[in-house]
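**Student:** This is the structure, below, for whatever I ask next.
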């Protein structure tokens, strides 16, 4: 291809010299006209194809000579990725704030995350500490925050400012029991939330407020609304391991979401 382009440039120079030679017109030749003339005149001789404008061979040559568009080169995707990094967003979602982590190896067979992110905030609500997970789990969390958590709290205390995070990615078995299956935490598909700090500074705690009237109703609404966005939803009434937090994960079951 480089040889072809060099040949075309040489021909273009010859054309220019010829155009200014004695006895020829000094009328300027438009770049587009000159380029088209070169392609029509030179391409068949270089590649040995027919000169008809509609031949498949000539169309192929024109495609090779045409500059690649931004979409052809993945330019748009690269620009979007750079913008996301500057904004600190992840998973191509402006409402998910954090940074990409990439592959996270597991210390035990079955653990690890292929394309992990470290999440710091969701839809304007901060996480008390960064949580590592995959994008599917981050997007499920966003859906729940916007359609479940926020509506459940409403305007109480000015709304939720922060979620108290107890666990994100953690390479361990279910409930850390010996011989149990690998937890969804070990696959980057789970998050544990222990409470919610309101903008006025007050906190709604899963452990302290689950049985209370007003705060308890809010927590129950949150718990119920998570069933759907997440495949597994566990709370204080599921077992002794979840008395103090909500466990959400994106495991899927044939029978639908498992919520207790």
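Read the figures in this text as sums done on the coordinates, not as results from a lab. Everything numeric in this text was worked out from a predicted model, so none of it was measured. Cβ atoms come from the backbone with ideal geometry, glycine included; neighbour counts cover every protein chain shown.
**Student:** Which residue, of 159, 188, 211, 194, is touching a helix residue (DSSP H, G or I) at 6+ places or on another chain (Cβ under 9 Å) and at negative phi?
**Tutor:** Testing whether each residue is touching a helix residue (DSSP H, G or I) at 6+ places or on another chain (Cβ under 9 Å) and at negative phi leaves just 194.
**Student:** When you check residue 128 against the structure, is it surrounded by fewer than 19 Cβ atoms within 10 Å (Cβ to Cβ) and assigned to a loop (DSSP other than H, G, I, E, B), yes or no? Talk me through it step by step, then tell me what you get.
**Tutor:** Numbers: surrounded by fewer than 19 Cβ atoms within 10 Å (Cβ to Cβ): yes; assigned to a loop (DSSP other than H, G, I, E, B): no.
When the stated conditions are applied, residue 128 does not pass them.
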